[in-house]
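Taking it in order: structure first as structure tokens, then the write-up.
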Amino acid sequence: MAKQAELDGESSALTEERECLKEGCMLLEVRIQVTKAVYDRDVEEVERLSDALDAECDATVAEKARAEEAVEELKG
């Protein structure tokens, strides 16, 4: 009888621990989802800025080429 009571107590403790672990797992899953959403937003922002910088760089290179051609025309 004492052994059964001990086993019942352990079973109850394990059940409580399982519930705590389930709650912890759910919280971690929510945090992972939030972190992923923030990461994805940040990646999108970096990609947008990179594209804008690439376009600006291309425009600057083209402008430089036009300026060099104008200089050559003036020399010529």
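Things to note:
- Taking Cα atoms only, the orientation of helix 2-75 departs from the longest principal axis of the chain by about 0 degrees.
- Over the chain, DSSP H runs of length four or greater, each weighted -39,500 (n - 2.57), average out per residue to a 222 nm ellipticity of -37000 deg cm²/dmol.
- Set against the labelled values [x] 20; [y] 32; [z] 73, percent of Cα pairs over 18 Å apart computed from this structure falls on [z].
Computed from the coordinates by the stated procedures, all read-outs in this text should not be read as laboratory data. Computed from a predicted structure; not experimentally measured.
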